[in-house]
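Colleague: First the structure, which I've put down as structure tokens, then a few questions once you've had a look.
The values are calculated or read from the model by the stated rules, or taken from the named source; none is laboratory data. All values reported here derive from a predicted model rather than from experimental measurement. Note that we place each Cβ from the backbone using ideal geometry, even for glycine, and neighbour counts take in every protein chain shown. For the accessible areas, the whole protein counts, side chains as well, though only heavy atoms, and no ligand, DNA or RNA atoms are used. Shrake-Rupley method; radii C 1.70, N 1.55, O 1.52, S 1.80 Å.
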Amino acid sequence: MKVLFAGTPAVAVPSLDRLLEAGFEVVGVLTRPDAPLGRKRVLTPSPVAQRAEELGLEVIKASRITPEVTDEIVATGADVGAIVAFGGLVPQSALDALEHGWINLHFSLLPSWRGAAPVQHALINGDDVLGASTFQLEAGLDTGPVFGTMTETARPDDTSGVVLERLAVSGAVLLAQTLSAIAAGRAEARPQEGTPTLAPKLSLEDGRLDWSQPALSLHRRARGVTPEPGAWTELDGQRFKIGSLALRPDVRDLAPGTLRLVGKSVVVGTGSHGLELLEVQPSGKRMMSARDWARGLAALEKVTFA
């Protein structure tokens, strides 16, 4: 079975590699156009484009799948499309253009967390079980019938970046297994069951920590928005980034947003109990340990996060 692979970020690369390792003929790769990166805004190919070029695969770069792009896809001779975090919608005309349609690897247990940021929302919500699904792509937002799923238990200090790295690898195996079943004629897709939840793309504001909220909710949010868009608060009218936190249920007499040195630890008050600041990044500076940051202050007790 000839496969057209569609994907853009680094989390899609393991799936491309796995399909090739499994013996599939990848006849082309669809990815988004080069994007400006870094302070100098240098146009840079996507991680998937870079990997495809290393492998000598034909690359189609497009921000939208237009009729012209669909013609390019058809010209590859692909029987099926395998899509992992491409970053754009596939119109019905393109869905109908390939014999077996498009199979999407999505990093959630559908119908939970349909949308662009499933892992992030799962962690913010405090889900105990995470996972990935393969499903038949259709016009609706992640609504198609599911071929298979894999699950794992969330870990206490998981961030969305760490979870996505794990799911990228295990999900790649699931995708290859699904395509193998389709090629063998034994794949069975079942309609999604349960109440859908949505996982829209996160904005910068989603990373803001409201210290009046309970510590556990703040800890979950910080892990869910790490590394992007990042957790932050406001200090002296400027954005102050929070790298990582730890729960401190032993500290319960701090007002929300106020700080105290407890032993050698920097602790901030919340709506329930304390949170220890482990890493912070003041405006205009690098990420550093909270202890190092606190050493440079005249009086930590006078610092209050907004």
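Colleague: Please determine whether any residue of the stretch 117-126 is over 13 Å from the mean Cα position of the chain (by Cα), buried (at least 20 other Cβ atoms within 10 Å of the Cβ) and closer than 18 Å to P9 by Cβ. If you could, list the steps in order and put the result at the bottom.
Modeller: Kept after step one, since they are over 13 Å from the mean Cα position of the chain (by Cα), are these residues of the stretch 117-126: 125-126.
Now narrow it down to the ones that are buried (at least 20 other Cβ atoms within 10 Å of the Cβ): none.
No: zero hits.
Colleague: I'd like the residue in the stretch 292-306 that is closer than 25 Å to R220 by Cβ and not hydroxyl-bearing (S, T, Y) and, out of all such residues, is most open to solvent (accessible area, probe 1.4 Å).
Modeller: First pass over the stretch 292-306, keeping only residues closer than 25 Å to R220 by Cβ: 293-294, 303-306.
Next, from what is left, pick out any that are not hydroxyl-bearing (S, T, Y): 293-294, 303, 305-306.
Working: W293: 23, A294: 16, V303: 21, F305: 11, A306: 65 Å².
Step by step, filter the stretch 292-306, then rank; the result is A306.
Colleague: Take residues that are β-branched (V, I, T) and over 26 Å from S217 (Cβ atoms) and tell me which of the strands (runs of 3 or more DSSP E) falling wholly in the stretch 78-165 contain 2 or more.
Modeller: 80-84, 146-153
Colleague: Could you look through the stretch 10-36, keep only residues that are buried (at least 20 other Cβ atoms within 10 Å of the Cβ) and among the small types (G, A, S), and pick out the one that is nearest to E165 (Cα to Cα)?
Modeller: Applying the filter and picking the extreme gives A12.
Colleague: Going by the structure shown, is R220 farther than 15 Å from E279 by Cβ, open to solvent by 50 Å² or more (accessible area, probe 1.4 Å) and without any contact (Cβ under 8 Å) to a residue 60 or more places away in the chain?
Modeller: So R220 fails the test.
Colleague: Every residue in the stretch 29-53 that is on the phi < 0 side of the Ramachandran plot and small (G, A, S), please.
Modeller: If the condition is that a residue be on the phi < 0 side of the Ramachandran plot and small (G, A, S), then A35, S46, A49, A52 are the ones that fit.
Colleague: Could you list, in sequence order, all residues of the stretch 197-217 that are assigned to a loop (DSSP other than H, G, I, E, B) and in contact with a strand residue (DSSP E or B) (Cβ under 6 Å, 6 or more places away or on another chain)?
Modeller: Scanning the stretch 197-217 gives L209, W211, S212.
Colleague: Go through (1) farther than 17 Å from R32 by Cα; (2) in contact with a Lys or Arg (Cβ under 6 Å, 6 or more places away or on another chain) for A116 and report which single condition fails.
Modeller: That leaves (1) as the condition not met.
Colleague: So for the stretch 266-278 (the condition being at pLDDT below 95 and farther than 28 Å from D128 by Cβ), does at least one residue qualify?
Modeller: There is no residue in the stretch 266-278 that is at pLDDT below 95 and farther than 28 Å from D128 by Cβ.
Colleague: Then there's this: Please verify whether T66 is within 25 Å of the chain's Cα centre (by Cα), farther than 14 Å from L175 by Cβ and among the hydroxyl-bearing types (S, T, Y), treating the condition exactly as stated.
Modeller: So T66 fails the test.
Conditions (1) without any contact (Cβ under 8 Å) to a residue 24 or more places away in the chain; (2) within 17 Å of the chain's Cα centre (by Cα); (3) open to solvent by 20 Å² or more (accessible area, probe 1.4 Å), marked per residue:
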residue	(1), (2), (3)
F135	no, no, no
G144	no, no, no
T159	no, yes, yes
V162	yes, yes, yes
V169	no, yes, yes
A181	no, no, no
R186	yes, no, yes
P191	no, no, yes
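Colleague: Can I ask one more? Check A49, A85 and return the single one that is within 23 Å of the chain's Cα centre (by Cα) and open to solvent by less than 10 Å² (accessible area, probe 1.4 Å).
Modeller: Working: A85 fails: open to solvent by less than 10 Å² (accessible area, probe 1.4 Å).
Just one listed residue meets the conditions, A49.
Colleague: When you scan the stretch 273-306, how many residues do you find that are closer than 24 Å to Q213 by Cα, of a type in the set (A, V, I, L, M, F, W, C), in a loop (DSSP other than H, G, I, E, B) and out of contact with any Ser or Thr (no Cβ under 6 Å at 6 or more places or on another chain)?
Modeller: 2
Colleague: Mind telling me which of the residues S289, S283, S265 ends up being in the same structural domain as L209 (by the TED database), within 31 Å of the chain's Cα centre (by Cα), more than 18 Å from S217 (Cβ to Cβ) and exposed (fewer than 14 other Cβ atoms within 10 Å of the Cβ)?
Modeller: S283
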